[in-house]
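Notes follow once the structure below has been shown.
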Amino acid sequence: MAFWLGEQRQPDEDASRERFARLVLPHLDAAYNLARWLAADEDAARDIVQETYLRAFRFRDGLRGDDARPWLLAIVRNTFFSWRKEAKRTALSHEEYDDDLHGNPSEAAESLFQRPVSPESALLAQAERARIQACLEKLPLAFREVIVLRDLEDLAYKEIARVLDIPAGTVMSRLSRGRKLLGKYLLEGEKEA
Amino acid sequence: MRCEETLRLLDAYVDAELDPSQALAVEAHLGECAACHGARQRLAALRAALRSEARYHRAPAALRAAVAAQIAQPAPRWTERLGRLQWVTRAAAYAAVAGLASAITLQLAVPSAQERATDAVVTSHTRSLMAQQIVDVPSSDQHTVKPWFNGKLDFSPPVKDLAAKGFPLIGGRIDYVDGQAVAAVVYQRRRHYIDVYIWPNQRGTVAPLREDAKRGFTVLGWSDREFTYFAVSDVDATELRQLVSELAAS
């Protein structure tokens, strides 16, 4: 009887499935949040997350250690890029993942951040939800993703480096440029209003 | 340190990602340079606004169910497995299966009280997330939340202030588990909600901590002499255990 049970239950398979459910499923919100911010579309985000979990499950042996979040988010990102390639082929999406296309935000924003007086900090603090949302949404993808990973997902630079597969120093500079550009968008809106 | 270098490191400084010597150097410069100090304040304001106002998109319940189903265990293929066995063992195997099957049916038909409760709290937790009705009394003050339960329940559940441990109190809510009105005390971990369900421990016997994973949520259940507790969340299991050890410590 015991022998029979052992044969049937496939302990390795069970353990691996259980480990996956325990370590990876809890990061569903993180996966969806990133997919949603990258794709800027609910349906696409859902598809990307489902595909992400299929891929993650297939490659679950590649997960080392107990912190699955950076690993999973890297898969979300890859899945997003394949989705976008597909969408582009069918000409549905136009956004470019290319910093140069959007100019170098640091120069324009630099002067803003060096002004000695700071009524802007008061304005930034009051920037209401909808505008933050809109400004973050129109931020170029390379900056948007790094801000989402840091300020919404609360990942350490080291973890972000893992997700994006870039050096930690690049995370720092990209985050810095992204926040400057976001600050510029927010203040521009404020002045127009 | 000069302005140029300070501004280059400013984000990492605000994010507490610099090594101590660099952080000290930045701090020293900020103390003596009004322009950089201003830049730091603007950056901190932006960062705070982002963190409190930018939307964290939580996975819709339907997606959660779909993903959980995706990786759920497929039904065992009995016939296929049987086919691989030698014919001599097959008869014995069938006999064993017949006996086993009836035992399994009996066990499945009568889930333990623990399993029922686990199921019920996960259902209740997902329902509250879907309804966006996280709390009935929103408050981070234990002295507001605890009295709120009095008069609504015939017991007074323990409510703790664990903000310092990284689990700020969000509030409380009355919920139903297995047809019984229970207290749900809600804590937060980053953007994740943690429901701690509490009801009187009828038997009065202490039950050790038990961990379950269900539909993508981690469930930790235990009892002390007075109360039975179930903590449910989609937060990391390690972090949920940390909260539980804080709650259990008194």
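The values are calculated or read from the model by the stated rules, or taken from the named source; none is laboratory data. All of these numbers come straight from a predicted model, not from anything done at the bench. So basically every Cβ, Gly included, is an ideal-geometry build from the backbone, and we count neighbours across all protein chains shown.
What the table shows:
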| item | result |
| --- | --- |
| Residue within the range B:126-137 that is within 14 Å of another protein chain (Cβ to nearest Cβ), of a type outside the set (A, V, I, L, M) and under 15 Å from the mean Cα position of the chain (by Cα) present | yes |
| Breaking point among (1) in contact (Cβ under 8 Å) with a residue 40 or more places away in the chain; (2) in a helix (DSSP H, G or I), for B:Asp175 | (2) |
| Residue list for the range B:210-219, restricted to those being basic (Lys, Arg) and either assigned to a loop (DSSP other than H, G, I, E, B) or without any contact (Cβ under 8 Å) to a residue 40 or more places away in the chain (or both) | B:Arg215 |
| Those residues of the range A:48-71 which are farther than 12 Å from B:Val67 by Cβ and either buried (at least 23 other Cβ atoms within 10 Å of the Cβ) or facing chain B (nearest Cβ under 10 Å) (or both), in sequence order | A:Arg60, A:Asp66, A:Asp67, A:Ala68, A:Arg69 |
| Residues satisfying the stated conditions in the range B:29-73, i.e. aliphatic (A, V, I, L, M), more than 18 Å from A:Leu34 (Cα to Cα) and in contact (Cβ under 8 Å) with a residue 24 or more places away in the chain | B:Leu30, B:Ala35, B:Ala39, B:Leu43, B:Ala44, B:Ala65, B:Ala68 |
| Complete set of residues in the range B:184-219 that are surrounded by 18 or more Cβ atoms within 10 Å (Cβ to Cβ), away from chain A (no Cβ under 12 Å) and closer than 30 Å to B:Ile71 by Cα | B:Ala184, B:Val186, B:Tyr187, B:Gln188, B:Asp195, B:Val196, B:Tyr197 |
| Candidate set from the range B:36-51 (those that are hydrophobic (A, V, I, L, M, F, W, C) and crowded, with 20+ Cβ neighbours inside 10 Å); member that is farthest from the chain's Cα centre (by Cα) | B:Cys36 |
| Counted residues, the range B:6-35 - those being within 9 Å of chain A (Cβ to nearest Cβ), of a type outside the set (A, V, I, L, M) and over 30 Å from the mean Cα position of the chain (by Cα) | 2 |
| Count of the range B:220-246 residues which are farther than 22 Å from B:Asp175 by Cα, of a type in the set (Gly, Ala, Ser) and crowded, with 17+ Cβ neighbours inside 10 Å | 1 |
| Boolean, B:Val159 is in a loop (DSSP other than H, G, I, E, B) and in contact with a strand residue (DSSP E or B) (Cβ under 8 Å, 6 or more places away or on another chain) | yes |
| Selected residue (only one of B:Arg51, B:Arg55 is touching an Asp or Glu at 6+ places or on another chain (Cβ under 8 Å) and modelled with pLDDT under 90) | B:Arg51 |
| Selection status of A:Ala31, under 12 Å from B:Val67 (Cβ atoms), part of a helix (DSSP H, G or I) and at pLDDT below 90 | no |
| Scan of the range B:220-250 for residues that are in a strand (DSSP E or B), more than 29 Å from B:Val67 (Cβ to Cβ) and not small (Gly, Ala, Ser), ordered by number | B:Phe227, B:Thr228 |
| Answer residue from the range A:133-162, given it is in contact with an Asp or Glu (Cβ under 8 Å, 6 or more places away or on another chain) and not in a helix (DSSP H, G or I) and is farthest from the other protein chains (Cβ to nearest Cβ) among those | A:Pro140 |
